[in-house]
Amino acid sequence: GIYTNLIPALNSPITLNADGTLSNEAIAYFGGLAEAPLNQMIRDGELSGMKVTISAVQNVLTTGILVVSVSLVQIATGRNINVNIGYNVTV
């Protein structure tokens, strides 16, 4: 899903700040494209959590490469359940 959302933005202009860093608008735009399918996966119960990070200090002007880092927290599966039962004098 991330790939599908980002492909239309390939070769699109990316705005920079005066010091050559990525603008907040560019970070928000590309971050939003990457987050959209992940948010849907969370709503569908396919992921527990995620984080999309785009560093503002990338040198996209020279390299032509925009790096988007994605961290995912998967859904866990409880294959066993342990129940501790014991007798006590008081509860």
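Do you know which residues across segment 17-35 are open to solvent by 60 Å² or more (accessible area, probe 1.4 Å), within 19 Å of S69 (Cα to Cα) and not small (G, A, S)?
Answer for segment 17-35, where residues must be open to solvent by 60 Å² or more (accessible area, probe 1.4 Å), within 19 Å of S69 (Cα to Cα) and not small (G, A, S): N24, E25, Y29, E35.
(1) without any contact (Cβ under 8 Å) to a residue 12 or more places away in the chain; (2) open to solvent by 60 Å² or more (accessible area, probe 1.4 Å): which one isn't true of S12, the others all being true?
It fails just one condition, (2).
Test L38 against the stated conditions and say whether it is open to solvent by 80 Å² or more (accessible area, probe 1.4 Å) and out of contact with any Leu (no Cβ under 6 Å at 6 or more places or on another chain).
Criteria not met by L38.
Scan segment 63-79 residue by residue and report those that are open to solvent by less than 70 Å² (accessible area, probe 1.4 Å) and among the hydrophobic types (A, V, I, L, M, F, W, C).
The answer is L66, V68, V70.
The values are calculated or read from the model by the stated rules, or taken from the named source; none is laboratory data. For clarity, every value in this text was computed on a predicted model and none was experimentally measured. Because the Cβ atoms are built from the backbone with ideal geometry, glycine has one as well, and the counts that use them run over all protein chains shown. Please note that ligands, DNA and RNA were not included when accessible areas were found on the heavy atoms of the full protein model with its side chains. Shrake-Rupley method; radii C 1.70, N 1.55, O 1.52, S 1.80 Å.
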